[in-house]
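Quick notes on the structure that follows.
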Amino acid sequence: MNSIYRAGFVSIVGKPNVGKSTLMNKLLGEKLSIISPKPQTTRQQIKGIISDDKRQIILMDTPGFVEARYELHNKMLEYINNSLNDSDIIIFMTDAKKFPTDYDKQICENLKRLNVPKIAMLNKIDLSDDITVNKKIELLQDYNFEKIIPISVLKATDLNPFLDELTKLLPFNPPFYATDEISDMPMRFFAQEIIREQIFLNYDEEIPYASTVVVEQYHDFPNKLIIAANIWLEKKSQKPILIGKNGIKIKTMRIAAEKEIHKIVEKRVKIDLWIKIKPNWRKKQNALKEFGYR
Ligand SMILES: Nc1nc2c(ncn2[C@@H]2O[C@H](COP(=O)(O)OP(=O)(O)OP(=O)(O)O)[C@@H](O)[C@H]2O)c(=O)[nH]1
Ligand SMILES: [Mg+2]
């Protein structure tokens, strides 16, 4: 590697549900971060690594900013802050229709204090009109963003020019990770996330929020993958909702997760799910640690 190689860390931050994980996956060309129409889908920092012979861009998808009501929220905010502190570039993402909420303004004010290049992405313009978008661009001009990019990440076809813009803002560094790595986390972690994603997609109201998944066994054979995972809930009353009549709900969810994991590992996938209760786990530091929120 020569001295013109650029490498660095890029945080994607913003409120829940604005499309941060969608952007991360689209830039990577791989589905690393889980996505759902519900807010607070992402709960940890997820790194995605893009490398070639000139650059290494380490994207950090983060949970959305939330008002801390549980210890889990404090953890989520800690992951965002750690990402921001490690960043060479910050992407602030917001929803073109909804910007600016009071919370958006507060986030933008706080970002002003961080002395790195910041880019604002006004996302979901496919759901807005030009007049609204232009008005929102004007409002974003109050916050010292290097660039303001109106976009529909969902509809965007070529994000390479954007990656080139990011590269120009990166410092000269040798690569931080092996250039054939796409993530710093093992497949076992992504299997856990995919099961959690299917809970977000298959259940309404409290279940996605009151649950978390821990893979207990991960047996990767040449022609099949066998996973045993615990789904932790907060209350006994949530168990029958998760299972559904005659076990149909949980079976549908499990099969969907098996299919999604199969797409990645390209072998037969069998998941065994066990339901467990830990009252108020979201409020307990020890439980969070045990469930992998470190
Ligand atoms: N219409 C439209 N929907 C989008 C766009 N980008 C993302 N979405 C949708 O918005 C929803 C939320 O997307 P995510 O990527 O999970 O959002 P997030 O910001 O990571 O959310 P959290 O992880 O909860 O903080 C999903 O249903 C996406 O398909 C867009 O450009 N247009
Ligand atoms: Mg997300």
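The values are calculated or read from the model by the stated rules, or taken from the named source; none is laboratory data. All figures in this text were calculated on a predicted structure; none of them were measured in a lab. Quick reminder, even Gly has a Cβ in these numbers, built from the backbone with ideal geometry, and neighbours come from all protein chains shown. Keep in mind that these areas ignore ligands, DNA and RNA; they rest on the heavy atoms of the full protein, side chains included. Shrake-Rupley method; radii C 1.70, N 1.55, O 1.52, S 1.80 Å.
Descending by average beta-carbon neighbour count within 10 Å, the peptides 19-30, 219-230 line up as 19-30, 219-230, the highest first.
Once each part is reduced to its C-alpha centroid, what is the distance from segment 8-58 to segment 81-141 in angstrom? Here the two parts' Cα centres lie 16 Å apart.
For segment 187-290, take the alpha-carbon Rg, divide it by the Kirkwood Rh, and send me Rg/Rh.
Computed over Cα atoms, the ratio is 0.97.
Dividing the alpha-carbon radius of gyration of the chain by the rule-of-thumb value 2.2 N^0.38 Å gives 1.04. Hydrodynamic estimate: the Kirkwood radius of segment 6-169 over Cα pairs, inserted into Stokes-Einstein at 20 °C and 1.002 mPa s, corresponds to D of 135 µm²/s. Entry comment: accessible area of the chain is 50 Å² per residue, from protein heavy atoms only and a probe of 1.4 Å. How many percent of the accessible area of segment 187-290 is carbon or sulfur, using a 1.4 Å probe? Roughly 51 percent of what the probe reaches on segment 187-290 is carbon or sulfur.
Among beta bridges identified by DSSP and lying wholly in the chain, the antiparallel ones come to about 30 percent.
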